[in-house]
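Participant: Okay, handing you the structure first.
The values are calculated or read from the model by the stated rules, or taken from the named source; none is laboratory data. Every value quoted in this text rests on a predicted model; they were computed, and no experiment measured them. Counting neighbours? That spans all protein chains shown, and the Cβs are built from the backbone with ideal geometry, glycine included. Heads up: the accessible areas ignore ligands, DNA and RNA and are worked out on the full protein's heavy atoms, side chains in. Shrake-Rupley method; radii C 1.70, N 1.55, O 1.52, S 1.80 Å.
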Amino acid sequence: MSKFKKIDTIGIIRGTGIVPVFYNADLELTKKVVKACYDGGIRAFEFTNRGDGAHIVFKDLMPFVRAECPEMALGAGTILEPATAALYIQLGADFIVSPSLNPEVARLCNRRGVPYSPGCGTVTEICNAMELGCDLVKVFPAGTVGGPAFVKNILAPLPWAMIMCTGAVEPTEENLTAWAKSGVTAVGMGSKLFPKEVLAKGDWAAVSELCRKSLAWFGK
């Protein structure tokens, strides 16, 4: 079961602004990545369902996060259908993220009081997602559909919308400042927050520092 109430999880994501997106089959490596992000000020983390047995890693990761990163909301990403969403919710997921909109997943998450952020690429999809109770809607792939300008244009007729963008987000001052100025609620950031050479060296301090810089550039 989720540690946080739905409204509190959304508040955590809004407050931190940057949600790392990560998958690795190595549990111990994943623990170190999550802790490095937490030490760098991150308070929401998306573990993606992208490999065989990913839910097993998530299951074993959850107690570590609860003990070592008590203020962190740990969510599951790349969730495409309700059965998988139910599995991760049963394992304690604080939020569910998808690259697409699935009404059945929305209903399931609402029933369990867990935020669902579906991937949308048009105004119609965003409105449909909000009608289904998705408070924080993911725009994906954000760079392809128009980047920060797309978000700014969306928020003109929909100023009440909360948008989380994933895709084309980079840990640089120029990039994160542009996203922040667009009015986006949060951004999801993947591999560029975890350079392969940094992970290979186990330089967790470097990951923490890049998180700190990214939060400052995003204005959090």
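Participant: Open to solvent by less than 10 Å² (accessible area, probe 1.4 Å) and either touching a residue at least 12 places away in the same chain (Cβ under 8 Å) or acidic (Asp, Glu) (or both), is that true of Gly119?
Facilitator: Yes: the conditions hold for Gly119.
Participant: Within region 162-183, which residues are over 19 Å from Arg212 (Cα atoms), open to solvent by 10 Å² or more (accessible area, probe 1.4 Å) and of a type in the set (A, V, I, L, M)?
Facilitator: Result: Met162, Ala168.
Participant: Looking at the structure I just gave you, is Ser208 crowded, with 17+ Cβ neighbours inside 10 Å, of a type outside the set (A, V, I, L, M, F, W, C) and either in contact (Cβ under 8 Å) with a residue 60 or more places away in the chain or touching a Phe, Trp or Tyr at 6+ places or on another chain (Cβ under 7 Å) (or both)?
Facilitator: For Ser208, the condition - crowded, with 17+ Cβ neighbours inside 10 Å, of a type outside the set (A, V, I, L, M, F, W, C) and either in contact (Cβ under 8 Å) with a residue 60 or more places away in the chain or touching a Phe, Trp or Tyr at 6+ places or on another chain (Cβ under 7 Å) (or both) - is met.
Participant: Test of understanding: among Lys192, Lys213, Lys196, which residue is closer than 17 Å to Phe140 by Cβ, out of contact with any Lys or Arg (no Cβ under 9 Å at 6 or more places or on another chain) and open to solvent by 40 Å² or more (accessible area, probe 1.4 Å)?
Facilitator: Result: Lys192 is the single residue among Lys192, Lys213, Lys196 that is closer than 17 Å to Phe140 by Cβ, out of contact with any Lys or Arg (no Cβ under 9 Å at 6 or more places or on another chain) and open to solvent by 40 Å² or more (accessible area, probe 1.4 Å).
Participant: Could you list, in sequence order, the residues of region 122-143 that are without any contact (Cβ under 8 Å) to a residue 24 or more places away in the chain and either basic (Lys, Arg) or open to solvent by less than 70 Å² (accessible area, probe 1.4 Å) (or both)?
Facilitator: Thr122
Participant: Here is a follow-up. Select from region 40-78 the residues that are under 16 Å from the mean Cα position of the chain (by Cα) and basic (Lys, Arg) and write down the one among them that is surrounded by the most Cβ atoms within 10 Å (Cβ to Cβ).
Facilitator: If we take residues in region 40-78 being under 16 Å from the mean Cα position of the chain (by Cα) and basic (Lys, Arg), then Arg43 is surrounded by the most Cβ atoms within 10 Å (Cβ to Cβ).
Participant: Collect the residues in region 187-197 that are in contact (Cβ under 8 Å) with a residue 12 or more places away in the chain and either among the hydrophobic types (A, V, I, L, M, F, W, C) or in a loop (DSSP other than H, G, I, E, B) (or both), keeping them in residue-number order.
Facilitator: Val187, Met189, Gly190, Leu193, Phe194
Participant: Then there is this: Restricting attention to region 3-20, report how many residues are touching a helix residue (DSSP H, G or I) at 6+ places or on another chain (Cβ under 8 Å) and either of a type in the set (Val, Ile, Thr) or open to solvent by 20 Å² or more (accessible area, probe 1.4 Å) (or both).
Facilitator: Residues in region 3-20 being touching a helix residue (DSSP H, G or I) at 6+ places or on another chain (Cβ under 8 Å) and either of a type in the set (Val, Ile, Thr) or open to solvent by 20 Å² or more (accessible area, probe 1.4 Å) (or both): 5 in total.
Participant: Hey, can you tell me all the residues within region 151-166 that are in contact (Cβ under 8 Å) with a residue 12 or more places away in the chain, more than 12 Å from Thr185 (Cβ to Cβ) and in a helix (DSSP H, G or I)?
Facilitator: Hit for region 151-166 is Lys152, nothing else.
Participant: Separate question: If you take the residues of region 144-154 that are open to solvent by 30 Å² or more (accessible area, probe 1.4 Å) and farther than 14 Å from Pro99 by Cβ, which of them is farthest from the chain's Cα centre (by Cα)?
Facilitator: If we take residues in region 144-154 being open to solvent by 30 Å² or more (accessible area, probe 1.4 Å) and farther than 14 Å from Pro99 by Cβ, then Asn153 is farthest from the chain's Cα centre (by Cα).
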